[in-house]
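The values are calculated or read from the model by the stated rules, or taken from the named source; none is laboratory data. Note that the structure is predicted; figures quoted are calculated from it, not measured. We place every Cβ from the backbone using ideal geometry, glycine too, and count neighbours over all the protein chains shown.
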Amino acid sequence: MTPVVDILRLAHNPDLPLPAYETAGAAGMDLRAAVPEDEALVLRPGARTAVPTGLAFALPNGFEAQVRPRSGLALKSGVTVANAPGTIDADYRGELKVLLVNLGEEDFVIRRGDRIAQLVIAPVVQAAWREVDALDATDRGAGGFGSTGGR
Ligand SMILES: O=c1ccn([C@H]2C[C@H](O)[C@@H](COP(=O)(O)OP(=O)(O)OP(=O)(O)O)O2)c(=O)[nH]1
Ligand SMILES: [Mg+2]
(Lines give C-alpha, C1' and ligand atoms only; values in the text may rest on other atoms or scores of the structure.)
(Ligands and ions follow the chains in the order given, each with its own letter.)
Protein backbone atom coordinates (compact mmCIF):
# COMPACT_ATOMS: atom_id res chain seq x y z
CA MET A 1 0.00 0.00 0.00
CA THR A 2 1.24 3.49 -0.80
CA PRO A 3 2.13 5.37 2.36
CA VAL A 4 0.59 8.84 2.44
CA VAL A 5 2.86 11.52 3.86
CA ASP A 6 1.65 14.88 5.17
CA ILE A 7 3.79 17.60 3.57
CA LEU A 8 3.98 21.30 4.32
CA ARG A 9 5.19 24.08 2.04
CA LEU A 10 7.24 26.65 3.94
CA ALA A 11 6.99 30.38 3.25
CA HIS A 12 9.92 30.40 0.80
CA ASN A 13 8.37 27.66 -1.31
CA PRO A 14 4.82 28.52 -2.33
CA ASP A 15 5.37 27.48 -5.92
CA LEU A 16 7.94 24.78 -6.68
CA PRO A 17 6.59 21.41 -7.79
CA LEU A 18 6.47 18.88 -4.96
CA PRO A 19 9.10 16.14 -5.13
CA ALA A 20 7.92 13.61 -7.68
CA TYR A 21 8.89 10.26 -9.16
CA GLU A 22 10.08 11.20 -12.65
CA THR A 23 9.28 7.80 -14.17
CA ALA A 24 6.80 5.05 -13.34
CA GLY A 25 9.39 2.80 -11.73
CA ALA A 26 11.56 5.42 -10.03
CA ALA A 27 12.78 4.69 -6.51
CA GLY A 28 13.51 8.30 -5.69
CA MET A 29 11.68 11.60 -5.96
CA ASP A 30 13.79 14.49 -7.20
CA LEU A 31 14.27 17.33 -4.74
CA ARG A 32 14.41 20.97 -5.86
CA ALA A 33 16.42 23.83 -4.45
CA ALA A 34 14.30 26.54 -2.81
CA VAL A 35 16.97 29.25 -3.00
CA PRO A 36 15.73 32.78 -3.75
CA GLU A 37 15.00 33.50 -7.42
CA ASP A 38 17.51 36.37 -7.50
CA GLU A 39 20.20 34.71 -5.36
CA ALA A 40 21.70 31.68 -7.05
CA LEU A 41 23.94 29.75 -4.72
CA VAL A 42 27.51 29.20 -5.86
CA LEU A 43 29.21 26.10 -4.50
CA ARG A 44 32.95 26.49 -4.91
CA PRO A 45 35.20 23.46 -5.42
CA GLY A 46 35.62 21.72 -2.06
CA ALA A 47 32.76 23.66 -0.44
CA ARG A 48 29.61 22.26 1.10
CA THR A 49 26.29 23.82 2.00
CA ALA A 50 22.80 23.01 3.27
CA VAL A 51 20.39 23.70 0.43
CA PRO A 52 16.84 24.55 1.52
CA THR A 53 13.94 22.67 -0.07
CA GLY A 54 11.16 24.75 1.47
CA LEU A 55 9.43 21.55 2.55
CA ALA A 56 8.67 19.82 5.84
CA PHE A 57 6.86 16.51 6.18
CA ALA A 58 5.69 13.96 8.72
CA LEU A 59 6.65 10.41 7.80
CA PRO A 60 4.42 7.71 9.25
CA ASN A 61 6.08 5.72 12.05
CA GLY A 62 8.01 2.79 10.60
CA PHE A 63 9.36 4.81 7.68
CA GLU A 64 12.51 6.83 7.05
CA ALA A 65 13.58 8.98 4.13
CA GLN A 66 17.03 8.95 2.60
CA VAL A 67 18.56 11.88 0.74
CA ARG A 68 20.67 10.48 -2.05
CA PRO A 69 22.82 12.05 -4.78
CA ARG A 70 21.75 12.31 -8.42
CA SER A 71 24.21 10.35 -10.50
CA GLY A 72 24.21 12.85 -13.37
CA LEU A 73 25.36 15.69 -11.10
CA ALA A 74 27.98 13.46 -9.52
CA LEU A 75 29.35 12.33 -12.89
CA LYS A 76 29.23 15.66 -14.73
CA SER A 77 30.06 18.09 -11.94
CA GLY A 78 31.36 16.10 -8.96
CA VAL A 79 28.46 17.38 -6.88
CA THR A 80 27.15 14.88 -4.38
CA VAL A 81 25.42 14.60 -1.00
CA ALA A 82 27.99 15.12 1.76
CA ASN A 83 26.25 12.81 4.22
CA ALA A 84 24.81 10.35 1.71
CA PRO A 85 22.48 8.81 2.37
CA GLY A 86 21.10 11.59 4.58
CA THR A 87 18.73 10.21 7.17
CA ILE A 88 15.35 11.84 7.74
CA ASP A 89 13.72 10.56 10.90
CA ALA A 90 9.99 9.91 11.12
CA ASP A 91 9.72 12.39 14.00
CA TYR A 92 11.53 15.26 12.22
CA ARG A 93 9.29 18.25 11.52
CA GLY A 94 11.88 20.80 10.40
CA GLU A 95 12.79 21.82 6.88
CA LEU A 96 14.30 19.15 4.68
CA LYS A 97 17.77 20.33 3.71
CA VAL A 98 20.15 18.78 1.22
CA LEU A 99 23.81 18.82 2.21
CA LEU A 100 25.69 19.18 -1.03
CA VAL A 101 29.45 19.08 -1.51
CA ASN A 102 31.31 20.05 -4.65
CA LEU A 103 34.07 17.50 -5.29
CA GLY A 104 34.60 18.86 -8.80
CA GLU A 105 37.05 21.45 -10.09
CA GLU A 106 34.51 24.09 -11.20
CA ASP A 107 32.08 26.36 -9.37
CA PHE A 108 28.62 24.78 -9.29
CA VAL A 109 25.69 27.17 -9.52
CA ILE A 110 22.38 26.20 -7.87
CA ARG A 111 19.33 28.08 -9.06
CA ARG A 112 15.80 28.04 -7.70
CA GLY A 113 13.97 24.91 -8.85
CA ASP A 114 17.10 22.96 -9.80
CA ARG A 115 16.83 19.24 -9.07
CA ILE A 116 19.75 18.67 -6.71
CA ALA A 117 19.19 15.27 -5.07
CA GLN A 118 16.58 12.59 -4.64
CA LEU A 119 14.52 11.30 -1.75
CA VAL A 120 13.89 7.61 -1.17
CA ILE A 121 11.20 6.68 1.33
CA ALA A 122 11.76 3.30 2.90
CA PRO A 123 10.47 1.12 5.72
CA VAL A 124 12.76 0.95 8.70
CA VAL A 125 12.77 -1.19 11.84
CA GLN A 126 13.97 -0.29 15.28
CA ALA A 127 15.83 -3.19 16.92
CA ALA A 128 16.47 -3.94 20.56
CA TRP A 129 19.80 -5.18 21.97
CA ARG A 130 20.08 -8.37 24.02
CA GLU A 131 23.49 -8.39 25.67
CA VAL A 132 25.10 -11.87 25.77
CA ASP A 133 28.41 -13.51 26.79
CA ALA A 134 29.06 -15.29 23.47
CA LEU A 135 27.70 -15.24 19.91
CA ASP A 136 26.54 -18.28 17.90
CA ALA A 137 29.19 -19.90 15.65
CA THR A 138 29.15 -19.36 11.85
CA ASP A 139 31.31 -20.45 8.88
CA ARG A 140 32.49 -16.86 8.42
CA GLY A 141 33.27 -16.27 12.02
CA ALA A 142 35.29 -13.09 12.37
CA GLY A 143 36.54 -13.19 8.77
CA GLY A 144 35.83 -10.12 6.69
CA PHE A 145 37.50 -7.33 4.76
CA GLY A 146 38.54 -9.60 1.87
CA SER A 147 38.78 -12.87 3.81
CA THR A 148 37.02 -14.77 0.99
CA GLY A 149 39.63 -13.69 -1.56
CA GLY A 150 39.96 -10.84 -4.04
CA ARG A 151 38.38 -10.46 -7.49
O1 LIG B 1 20.50 15.37 4.90
C2 LIG B 1 19.81 15.60 5.88
C3 LIG B 1 19.99 14.91 7.09
C4 LIG B 1 19.17 15.24 8.17
N5 LIG B 1 18.22 16.21 8.06
C6 LIG B 1 17.32 16.47 9.19
C7 LIG B 1 16.30 15.36 9.33
C8 LIG B 1 16.84 14.49 10.40
O9 LIG B 1 15.80 13.80 11.07
C10 LIG B 1 17.56 15.49 11.27
C11 LIG B 1 18.70 14.91 12.05
O12 LIG B 1 19.59 14.28 11.18
P13 LIG B 1 20.81 13.41 11.72
O14 LIG B 1 20.35 12.50 12.81
O15 LIG B 1 21.48 12.81 10.55
O16 LIG B 1 21.77 14.56 12.27
P17 LIG B 1 22.51 14.70 13.67
O18 LIG B 1 23.76 15.41 13.38
O19 LIG B 1 22.60 13.37 14.38
O20 LIG B 1 21.54 15.70 14.43
P21 LIG B 1 20.52 15.39 15.61
O22 LIG B 1 21.33 15.45 16.86
O23 LIG B 1 19.52 16.50 15.51
O24 LIG B 1 19.89 14.04 15.38
O25 LIG B 1 18.08 16.48 10.38
C26 LIG B 1 18.03 16.88 6.87
O27 LIG B 1 17.16 17.74 6.73
N28 LIG B 1 18.85 16.57 5.81
MG1 LIG C 1 20.86 12.20 14.87
Task: Of all residues in the range 56-104 being among the hydroxyl-bearing types (Ser, Thr, Tyr) and more than 9 Å from ligand 1 (Cβ to nearest atom), the one that is surrounded by the fewest Cβ atoms within 10 Å (Cβ to Cβ) - done: Ser71
TODO: Determine which member of the set Ala128, Ala90, Ala117 is touching a helix residue (DSSP H, G or I) at 6+ places or on another chain (Cβ under 9 Å) and either of a type in the set (Phe, Trp, Tyr) or modelled with pLDDT of 95 or more (or both).
DONE: Ala117
Open item on the list: Considering only the range 1-11, I want to know if a residue exists there that is out of contact with any strand residue (DSSP E or B) (no Cβ under 6 Å at 6 or more places or on another chain) and surrounded by 13 or more Cβ atoms within 10 Å (Cβ to Cβ).
Closed with: yes
- [ ] Can you give me the number of residues within the range 1-27 that are within 17 Å of Thr53 (Cα to Cα) and not polar (S, T, N, Q)?
- [x] 16
